[in-house]
1. Of the conditions (1) more than 25 Å from G29 (Cα to Cα); (2) at pLDDT 90 or above; (3) buried (at least 18 other Cβ atoms within 10 Å of the Cβ), L154 fails just one. Which one is it?
2. For A52, which of the numbered conditions (1) surrounded by 12 or more Cβ atoms within 10 Å (Cβ to Cβ); (2) modelled with pLDDT of 75 or more; (3) more than 30 Å from V117 (Cβ to Cβ) fails to hold?
3. Out of the residues in region 102-138 meeting the condition of being of a type in the set (G, A, S) and either surrounded by 15 or more Cβ atoms within 10 Å (Cβ to Cβ) or over 22 Å from G67 (Cα atoms) (or both), tell me which one is nearest to the chain's Cα centre (by Cα).
4. Would you mention how many residues in region 69-95 are within 12 Å of the chain's Cα centre (by Cα) and open to solvent by 30 Å² or more (accessible area, probe 1.4 Å)?
5. Can you go through R80, R63 and tell me which one is at pLDDT below 80 and either under 30 Å from G17 (Cα atoms) or not aromatic (F, W, Y) (or both)?
6. So is R98 assigned to a strand (DSSP E or B) and open to solvent by 40 Å² or more (accessible area, probe 1.4 Å) or not?
7. Does region 103-111 include one or more residues that are of a type in the set (A, V, I, L, M), under 26 Å from R30 (Cα atoms) and either at pLDDT below 80 or part of a strand (DSSP E or B) (or both)?
8. Name the residue that is modelled with the highest pLDDT, counting only residues in region 8-20 that are open to solvent by less than 80 Å² (accessible area, probe 1.4 Å) and under 21 Å from E50 (Cβ atoms).
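The values are calculated or read from the model by the stated rules, or taken from the named source; none is laboratory data. Because the structure is a prediction, the values reported are computed rather than measured. Don't worry about glycine lacking a Cβ; one is built from the backbone with ideal geometry, like all the others, and counts go over all protein chains shown. When the accessible area is computed, the model is the full protein with side chains, heavy atoms only, and any ligands, DNA or RNA have been set aside. Shrake-Rupley method; radii C 1.70, N 1.55, O 1.52, S 1.80 Å.
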Amino acid sequence: GAEQRTRYETISTRYDGDPTSDQQLALRGRFTADAVKDAFRVQFEAHYTEVALTDAGSQLDQRFVGGAWLTRANVAWRARPNLTLTAGRMTIDFGSRRLIARNVYRNTVNTFDGLRVDASHGKWSTQTYLVRPGLAVGEPQRQFVQGGTLAAGLVDRVFANKTHLEGFVVFLRDSKTS
């Protein structure tokens, strides 16, 4: 599928107390394609962001938007009805989305390259990740991008009243890139 979002934003006093106003026209386009064959699923998503009408002196610049990149390019294998293995570039919605989640409002999207395992049994489910932050394809690493490895695990139990009890284990080995 395809999606395009245009949003006009304006602010009269910035969060840092600067009384100057700022405005922008935020544009985001997305193209997605999924294919399923037997126990395999291939996902592809390309993302494009741009801004226009930005005021002179704006804190928003091309470090945060601009250009196209892959946000998802992965293969998933459903080994059993309750076990799925995914490898490649992906976005993450970790449990109830409190710690790690795909951005909904922002124009840019955090991506991760690596492995994911989803398993379930009755009212119990788990999500396990071993990933690295994804960078825009074909672009050099920028100074604000942090490298490293994220290993995360989640155990979720659903009760009769649809209440979820979640337990998390998150390990981040952070390494600054230049």
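1. With respect to (1) more than 25 Å from G29 (Cα to Cα); (2) at pLDDT 90 or above; (3) buried (at least 18 other Cβ atoms within 10 Å of the Cβ), L154 is out only on (2).
2. Result: A52 fails condition (1) only.
3. Step one: list which residues in region 102-138 are of a type in the set (G, A, S), which gives 114, 119-120, 122, 125, 134, 136, 138.
Subsequent filtering for residues that are either surrounded by 15 or more Cβ atoms within 10 Å (Cβ to Cβ) or over 22 Å from G67 (Cα atoms) (or both) retains 114, 119-120, 122, 125, 134, 136.
Values: G114: 13, A119: 21, S120: 23, G122: 28, S125: 21, G134: 9, A136: 12 Å.
Only one residue tops the list, namely G134.
4. We begin by selecting, within region 69-95, every residue within 12 Å of the chain's Cα centre (by Cα); these are 70-72, 89-94.
Then keep just the ones that are open to solvent by 30 Å² or more (accessible area, probe 1.4 Å); that gives 70, 72, 93.
Total satisfying the criteria: 3.
5. Values: R80 fails: at pLDDT below 80.
Within the list R80, R63, the selection yields R63.
6. Details: assigned to a strand (DSSP E or B): no; open to solvent by 40 Å² or more (accessible area, probe 1.4 Å): yes.
So R98 fails the test.
7. Going through region 103-111, the residues of a type in the set (A, V, I, L, M) turn out to be 104, 109.
Still in the list and also under 26 Å from R30 (Cα atoms): 104, 109.
With the extra rule that they be either at pLDDT below 80 or part of a strand (DSSP E or B) (or both), the set shrinks to 104, 109.
Yes, region 103-111 contains at least one residue that is of a type in the set (A, V, I, L, M), under 26 Å from R30 (Cα atoms) and either at pLDDT below 80 or part of a strand (DSSP E or B) (or both).
8. Looking at the filtered set, the residue picked out is E9.
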